[in-house]
Structures are given as structure tokens and as C-alpha cells.
1. How much accessible area per residue does the range C:184-234 have, counting only protein heavy atoms and a probe of 1.4 Å, in square angstrom?
2. When chain C is treated as a GNM, springs tying every alpha-carbon pair under 10 Å, which of C:GLY134, C:GLY86, C:GLY270 comes out with the largest mean-square fluctuation?
3. C:HIS154 label point, 7 Å along Cα→Cβ, cut-off 19 Å on backbone N: hits in the range B:260-290?
4. Return the sequence-ordered ³J(HN,Hα) values of the range B:206-211 in whole Hz as given by the Karplus equation 6.51 cos²θ - 1.76 cosθ + 1.60 applied to θ = phi - 60°, using x for Gly and Pro.
5. For the protein assembly as shown, what is the calculated [θ] at 222 nm in deg cm²/dmol (nearest 500), taking -39500 (n - 2.57) for each run of four or more DSSP H residues and dividing by its residue count?
6. What does the charge add up to near A:SER67, with Lys and Arg as +1, Asp and Glu as -1, over the other residues with Cβ less than 13 Å from its Cβ?
7. How much accessible area per residue does the range D:195-284 have, in Å², with a 1.4 Å probe?
8. Using a probe radius of 1.4 Å on protein heavy atoms only, what is the accessible area buried between chains D and B, both sides summed, to the nearest 100 Å²?
Amino acid sequence: MPAERRPGLGRGAWPPLVFLGVLCTAALLAPVLPLADPTHSDTDALAAGISAKHWLGTDALGRDTLSRIVHGARVSLVVGVGATAIGAVAGTLLGMAAGVVRGWVSAVIMRLTDVLLAFPAMIFALAVIGAVGPSTASVTVVIGLLFIPGFVRIVRAPVLSLSQREFVLACRAMGMSTPRLMAREILPNILTGVLTYAVTMFGVGVMVEGGLGFLGVSVPPPEPTWGGMIAEGRQVLAQHPMVTLTPTLVLVLVVVCANVVGDRLSARLDTRGAML
Amino acid sequence: MNHDAPSPSAAEPLLNLRGYTVHLNSPRGTVRAVDGVDVAVARGRTLAVVGESGSGKSVLCRSLLGLLPDAAVALRAGTAHFDGVDLTALGERELRDVRGRRVGMVFQDPMTALNPVLPVWRQIALPLKRHLGLRGRAAKARAVELLDSVGIPDPARRADQYPLQLSGGMRQRVMIALALSCDPELLIADEPTTALDVTVQAQILRLLDRLRAERDMAVILISHDLGVVADHSDDVMVMYAGRQAELGPTASVLAAPRMPYTRALLDAAPTLHGPRGQHLAAIGGQPPDMSRLLSGCAFADRCPRVQDRCRTEVPAMTRPPGSAHEAACWNPVPPPRPGGGTVTGISAARRESSRT
Amino acid sequence: MTTADLPVSAPPGTGAVGRPLLEVRGLRVRYRSGGRPFEAVAGLDLTLHQGETLGLVGESGCGKSSVARAVARLEPDVSGAIVFDGQDVARTGGRALKAYRRRVGMVFQDPIASLNPRRTVRDIIATPLELAGGHDSTAIAARVGELADLVGLHPSLLDRHPHEMSGGQCQRVSIARALACVPDLLLCDEVVSALDVSIQAQVVNLLMDIREQQRLAMLFISHDLAVVRQLSDRVAVMYLGTLCEDAPVDELFARPAHPYTRALLASVPGNPTPDTALLTGDLPSPLTPPSGCRFRTRCPLARDTCAEIPPTPKQIRPDHHVACHFPIDATP
Amino acid sequence: MTARYLLTRVGQALLVLACVAVTTFALGRVLPGDLATAVLGQSATPEQIAEFHHKTGADRPAVEQFWSWFTGVLHGDFGTSALTGQRVSDALADRAAPSLLLVLLAEAFALAVAVPLAVWAAYRQGRAADKAANGASFLLLATPQFAVAVLLIYVFAVRLGTLPATGYVPLDEDPAQTFRTLLLPAVTLALGLAAVYYRVLRAGVLDTLRQDYVLAARAQGLTPRQVLVSHTLRPSLLPLVTLVGLNFGFLIGGAVIVEQLFALPGLGTYALGAVQTRDFAVLQGTVLLIAGVYVLVNLAVDLLYGVLDPRIRHAR
């Protein structure tokens, strides 16, 4: 049993990993999968329930919900992964620099993250997307930028305490250069923490993209997005709640899965830490 | 209450352990942290418990008061009679009335054992309220009195301060005041001076001696430092890998150790007098893996006097011929010839004269 | 650069005993606490000769570790001179600093925190060799094996991670790492304080052996007087950032002249010297050190002068220096 | 905690605000589209547009525009909306009340639920109640605000009809109605907040329970209640205080989606409208006000930290 052989991550992490894996594969293969055209209206089945033809029903315009969810996943997952990657890479580099190189470098980085945090996030996102035009790339970059301060904080605190640890002093006493110290000695010790946080932030990224889609400023129609599907369903909420509920459930499930995986990872970290 | 209580001796022991055993759960299996300990301590006396890290001395004391997490304890056996009551038979609620009220405890590092966000007097006031029902001004007055009694200068001002504002020595005095707040009959001091500087250590150990005498308290002094033990205890129990190695009057144990481990411990420590510059008599190897069931003596693998029997049979505590104390050893170290004592640097005899 | 270019300590016989290897003059180490600067080391002179072991003792907060870190060039705010083998290295950089670092090894107190938890023992010991450059991987592997043998580490331990080993084994790894580039000077900062007595004796013995074999000079910092006595040729006593007393080891332990040294010796438990002159009170804060002699607030012999004039070290017997206005005269 | 420290922090806060002001201004310049066409219509002649630009000052150099706006702000003048002609400072004063009430209410709900639940769950770690609370917090964390809002509207407004779905009644007109209109949006925000607060405080309490002083407190025979309330709660609250402050700053005007969904005339929707119409004076003013509140709250949290934790107070 794989769950037994990988100590710590635990059995609980596998169902969510499998679910996320299946969703990713489906999203990747969406063009070649035997799915209905996500933009095609089936006028015979408006806001229909589950049927053999439409496994998850249709929306108010008669478009196939399953197909729209799978195609929407292409946007959601790309934005979630991309934004997290931008935040994690930039945040880790800046956080390590702020932790290791004291003085003005640290001060400048910390003030920059303060500015980014003080800026109302949603308005920042709306304004920037408004400026450069809505697309998967712009949405990803904007959310990624907003993620940076969080990663800086997550990275800087352990780096500060690590840089006081004796093994780091020993390396400095041997004349190790600061970049090498960061890459070889400090980075491996914070990587698992960053990974855990990144998994959680992936979920947040998916949620934020949903929010932007809901406000109608994410990737523009006719391309399906989960947020957009939920927003469109609101008009028929009283009569056909499933039109809104189905994409909502999928979105919630993705984020729950990401959080469970993140939680398992950090629990594994904790026991590791306790053993040291 | 007279079931299986040991026969009363001249000084009825306040605390009496018989076959006291604690096994702990660990990721690598059950650890025999304390294995069949028989020891007693009377009012007004100090029992030192000596051993290296992992020898089970802290587990012994914490488990007595039920301070180990339930999930960590795999097995607790034997008896621990405190003033006639078996502590192992008490539930959490009953133990809570013993803790702090009848048995006080001092921890190793006063910086972490005191709450950083509460002023000193508030921390002392909590057990006063719990056990003695003192509140408000009365509790504060009593806290200041206690701080004064442990030798804190300007106690009224110090009472309002936070642990961070006190020096290490003063923090440990606060910890002692806290442990003594409800006049306990037994004080357990778990390495009370290990985190302190040597000049402050001397002050704290003298304070503990004075308080013990004033209050006719029994004291269990856990330490890894044989020098501390020599100067500040009446009896000593040496532990190795959860088992008793040697037990008896401090002067006798340190002057004429019979168990090779005690002998080696004394020889391994560098001293301020005697020869220097030569190799220390280090004990080779590492302590045994305590999750393993040891068929013989726990020290057998590192012992210079090891015999075949040591590896197959667990030695019991017995009094070797010509000894004033007990040791657990199949092949005890011969007693030093009178007058030709080995140089240990730790003069246990001095203590006999200095204490009276 | 090849192995042959690595700095090697003087061959036996050539390095005249008594040639100073390290001279620290007027060393000051400053820190900041909440914006307020204070001196952890306030003007310190030390001399360490080739092949000699100097013990540096004092209680926590006396600045002894700061001295070692300053010598290892780990402290940012340092003034004074650190003369190593004739050159002031207190402010050097670049190549000269790199060369200096290779001639000085350092071992720290906490055996486990001294080693990167993510690296194997092999990687850890190889790091200084990689940094020195010029070695190919087979040369490094061979040298790592040699070093492991030198410090008594079984080769099977080389692929372990620090948390899979005991404190004593970790400390051996630290020592091996410090010795990798064949230093002339080993800085030992409380290296046996975290170890149990039986393991402590093993490490002390190891240090004694290595010192012989490698003809190392050692700055051995500890709060434990007995361990310092065991290892040192000379001993310096520090109090609150200043030097109190400095003498050959037997002289210092037999005839301590500074009241603080006396009190320190009297405080050691199990010490058969009967002495009731135990100190009262605690170390003052280094943020607000006492005027004059820094020890005067706890000194049983303090007089008015002590509050006014800081004492300077003076020689009272051959090679025995004391910074005290009223040293205890213990001429036998 | 010295005066010097305080001055440094205030200085940093002002610096951050200045950076926010510059960024907002720059962002405003790069937004495509023109307010003139929005006001004058698509058929406006180039002359009309130029005149409009001259009137609103949009034809002056950017640096000059920024400087006149910035000096105005320093005098309490945020300019006027080019779209409505209303003074921005008046509009902000009107808009701040619903935003502030919404956030206060949401924080209060969240803390009232999260604090007792977290302490209790930590104390009963690993038991069924702890696991149930953890599961619930996971679900809430994963549910986006807009989904919660849609669900609440569906249940309480559409199905049950007990609460209004949209609208806002000012406090001075009918406080009871104000509360009713704010209830659903506040609960929407509170559910997400409560989940975060619960997790952070639970982890904090668990961490504190592992400390030596908790063991020492137990060795003194203290009751579980004394141990939890007197010894454990306060040190565990510190990370929560930071978070409450952060979120307070975030949600003032950051609750754009919730304000939009429940049609609350708050700062978020005001800024959203300004982005859509390119009404720069409004956008700049709103963003600066929101950032100002954020910075101020965090400054307050920092000072509160010193009060709560003597370690910080005396280390500075």
C-alpha cells in the first residue's frame, strides 16, 4: 500500500490527490475528450437536470455543465498553479534576501510588501486587469503579485531564525558566500514549509479567480470559467439552483482537497520537527 | 490504611516507591523509562537522583504526579506511597489536590517554566487561590512574603515584574517560591541549577538546603552533577537506562562506589584538583537503546568488569559485603582499601563534616 | 590550487614555541538591544601562542563567545586588532580573508544545531573542502574518509543525517569539519557543555589527541572550570566583557589573585577548597555596566577606588596578569 | 517600547501611504479609456473633450497633476468626482459608515464563534468534537465568499424570506433595520473569518499547551480552567491579534464582492465604480483612505502587541 510506505503523509491525503489528479488530466485532455462543445446551446434542454446526454445537466442557455466545468478547469487550474508559482518563486527569493541580508535590502523588501498589503487587493486586481485587459495571463500575474507578501512572510521568519543557527554560522566561518549559503544551506530547510503554504495558496488562487470571474473581469466569455458559471446561474437561482450549485461544489471540492493535502504536509513537517 | 505498606522504620518515609515502573510509548516502540525502582525519602532529608540524559530520572518524578500525557504512558506498575497513600491509585482529580499543595516542583529552566506574559505575583497567586482560597490583596501579600523568603531583594517591586525583567538566578528563586507557595511536604527539584551560572548555582543550592531544614521538607534533587550531589544530599540513587544502579548514603556511594557505572561516572568527570592533562577515563560506547528488552545488566556492553552472567541475568539491588549501601551488580568494584582511597576529586567525606 | 597549496601548520621543531599565533588587542564587540548599543566585549587583550591552548572562562553574558565569534570574523561590529600570524585580520576581506578562514576552524556548542539537518554527514564534512576549491571529487572523498577516521567516526555514519546520531557523534562531525582544511587554530565555543559526562570525556580526549597530532593552537571557551583546567595551558577569566585574570593553568588554579576568580573556584560544587566567600547577587546588565571595575558590585573587597578607576591588567608574577586594584596576594 | 520605536513605526506607515498614493496615481494613468467619453457620450467632438480635459486638469503634466492632488490631500481635500461633481471627501464620509459597520459586525461574529471553539477543540485535541470543528473549518475555508453569499441569499431571502437580500438603511434612520440589512453580508464575511481565526487560535493554544510553564502550572495543581484561561489563552492570542488587525484593514473596502452582491453603498463598490468609469479622483481618494485605515489598524495592533506581551515591551 503506497500510503503505508510514505510515512506521515497518511492515507487521508490520497483521495484528494487522486481527485485533483483526475481533474488536471481531464482539463489537459479536454479538447480530445468526448465532451460536448462548452459553448453549444442545447435548446431542447435549458437548465436541465442530470441526464444521460448531460451528465451534470445544463445551464440556463442549455450548455453542457460537465463540459463547461472541465473547460473552466483549464482556466482555474492554470491560474491557481501559475499565480502560486509566481508568488512562491518571487516571495521565496525576496523573503530569503530579507532574512539573510540585513540592513537596507531587508528594509526595502519589507516596505514593498507592506505597500502591496496596504493596497486594497480586489481593487488593485480590478484596476490592473482593467489596464492590461482580461486574459488568463493577466489574471495569473495579478493574483501572483498579490500572493508575494504572504510568501515573503512565510519564508522570512524561519530564515531569520535559521541564520542564527550554528550550522549557518559555521558555514559563514568557512567563508561560504551569501548566495551559496542561501541556496545550499537555508533553502532546503524552508522548502517544505513553502510547499505546504503553496498548496494552500493554490486553493486560494482558484477561489480568487472564481471571484474575479464572478465579477465578470476574469477571462471573458464565451470561454467558460467557474466564477462566471456561478454568476450566470444566479439569475435562475430560485428556479434551478443546481445551475449555480454544481460549479460551486466543484470549486469548493478543489479547494478542500488542496487544503487537506497542505494540512497533511504540515502535519508531516511537525512530526519531523518534533523528532529533531 | 495498612495494606502492603512497608514496615515502619525509625523514620517513616514520606515517599516510598516499590517496584515503580513506567513504560513510555515512542515511535520506535515501548521505552522502559523507569524499571523497578525501590527507594524512599523521609521528611527533612534530601534524596539525590543522578543519571545522564535518558536515564529516566525526570520521567520518574513527572510520572509520580501524573504529569506525563496519558497517551505517552504505556504502563505504570509498582506502588508509590506518599504519606500512606498510593499515588499510582489516585485519579487526576485527586492528584490535582496533591500537586502544588503537598508536593512542589521546581523545573530546570526558569525562563521557560515561568509564564512570560504574567507578572510574577499573579503566577504565585494562582496556586494560592486554588489550594488555600487566598484572593486579591491577601494573595498578593502572601506572594510578596514568599518572594522575600527565597531571598529576592525588594520583593514588593519584583512581584509586579515579568520573568523577562529578572535575572536567571532570580527567576529560579521565583520558581522555588512558586513551588513552596502552599507549604508542600515534598519538593521535587528537577535539575534546578543546570541552566544557571556556577556562582548563582551555589546560591540556589544553599537556599534549597536552608528551606528544607526550616520546613522539615523532604527533597528529591535530580541532577547530573556529582559535585552538586556530594554537597547537597543525604542519600543518592544512581540511575542508568531506567534502572537503579546504586543507592545509599551519599558519602558511602561517592567514596566507595561498587557499581562500575558509578565508578566510571566519577572518573570521567574532570576535576579542579588531582592530575590533569592526561586522558580522562571516558566510558566507551553509548547508552543502550531503551526500546530493546535487555536480558542482562544495562551497563554490560560498556562495563570494564563485565562477566558472562551480566549479559544474561538482570542484577538485583543488594548490599555487597563490606558496603554501607546497595548496588545492582554481579561483579562489584572492590571497596577502596582504608586510607588508600582512589582520587575522585569529589570529597564526599567533607560533606559529612560540613553538614552537621 | 592543489592539496599541496593548502596552508599547513609548521612542521615539528621549526615553529619556535612561544611565537604568538593570535594576538587580540583592544577588542570591542558591540550589539544592539532595542536600538540601544552595548558592548559585549569592552577592550580585551589576549595572546595565543603556536600550539598552545588558551582556556577562556566566565559566566554566561561575560562575552567569551563574542570573542570567539569576533576572531572567526562572524561579528559585524568589531573594533580593535586581531593579529593572526603577524597580520591584522580584523578588517581584511577578499582573498586574504578566505586564506585566513581556512587557517581557523570553529566548533560550536549545540552539537545538533551545528549541522544542517538536510545534509548527510559526508556532505557536511566535505563542505569546507569544496569551498577551498581545487579538489576533485575523489580527493574530497578520500579526505572525508581520513577526517572521519581522525575523529573516530565509523564510516557507516557518513551517510546519516544529524538527527539520526547522538550528540557526541554530531560533535565529532563538527570537529572533523573544522579540521578539514588543516587549520592552525581551532576555536571551541562551549563544545562539551551540551554533552553528558561520559560523552564529554570522550570528546575532551579526542580534542587532546587531535591537538597533539595536528599541532593545533586552541582557544577553548567554557564555563566549566574543571574542563578548562583539563585542556588548557593558560587560562583567561572574563567578567562582563573585560578580562579579570590571565595566567598559566596551574598558577591560576593554585593562586587565583582576582576576587572573581576566587569566587568562581569556590562556587564549583564538590570543590574541596573550603571557602565561604560565595558571591551574592547576579551579573549586572551589560547595557548599563558599573563604573570603574565592572566586578565591584559583587566584589567582597570593593573600595571607593574601584568605582572610579577601571583597573588595567598588571603582571603580579611571571606571566600572571590581574586586572584588579586590590589583588589577593597569595604568595606561598 | 521607546518613543524612538514609535516614531520609526509612524514614519514607516507614512512612507507606505506615500507609496500607495504614487502607485494609485500611476495605475490611474495607465488605465485605458477616458472619462470624457463616459460623461460626454461617444459623439463628443474633440474640442468638447479637450475642454473637459482642461476643466478637470487632465491636460496638465502628470507630475503636476499628482502634486496638486497630493497637496490637496494633505489639506483634507480629496478633489471632486469628475463624473458627479460631488466632493470626494463627502462621498467617502457617507460610504465609510456601512463598510465600517459591516466589518465590525463580521469580526465580532467571527471572534464570538472562533475563540471559545478553538480553545475547547485544542483542549480536547484528537477527540470527536475537535475533529468535527476541524472539518467544518476546512469546508468554510474552501468556500468562496460569493458562493456563501449566494447560498445565504437563496436560503434566507429567496426561500424563507426572513431577511432582505439587498439594500442598506443608514444607522441614524433606523438602527434595527441597519442591523437587519447588514446581517447577511456580515455573516458571509464572518464565516470565512471564523474558520481562519479558529485554525490560527487552535494551533496557538496547542503550541502554548506544549510549553514548560503549562507543565509547571499543572504541577502546581491548578484546575484545567485555570491552566487554560490564566496561563494559556493570553500567550496564544498574539497571532490572532495580528490577524484580526490585518483582516480589519483588508475588509474595509476590500469586501467588494459582498458589498456588490448585497448592494451595500460602501467603499468597495465606490472604488469598483471608479475603476469602471475611470473616475480618477474617486479611485485615488478611496484607495488612499482604505490603505490609510489598513496602516493605522496595523500600527494599533503593533502597539497592542506591546501591551499584551511584556517580552516585546521590554525587548524594544
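1. 22
2. C:GLY270
3. Once the point is set 7 Å along Cα→Cβ of C:HIS154, B:283-290 turn out to lie under 19 Å by backbone N, inside the range B:260-290.
4. Using θ = phi - 60°, the values come out as 5, 4, 4, 4, 5, 5 Hz.
5. Counting only the DSSP helices, I get -16000 deg cm²/dmol.
6. Numbers: positive: A:LYS53, A:ARG63, A:ARG68, A:ARG74; negative: A:ASP37, A:ASP42, A:ASP59, A:ASP64, A:GLU223.
Its environment carries a net charge of -1.
7. On the way: 2610 Å² over 90 residues.
So the range D:195-284 comes to 29 Å² accessible per residue, rounded to a whole number.
8. On the way: alone 16930 and 17230 Å², together 31890 Å².
Summed over both sides, the interface buries about 2300 Å².
The values are calculated or read from the model by the stated rules, or taken from the named source; none is laboratory data. If you're wondering where the values come from, they're calculated on a predicted model, not measured in any experiment. Glycine also receives a Cβ, built like all others from the backbone with ideal geometry; neighbour counts cover every protein chain displayed. Surface accessibility is based on the protein's heavy atoms, side chains included, excluding ligands, DNA and RNA. Shrake-Rupley method; radii C 1.70, N 1.55, O 1.52, S 1.80 Å.
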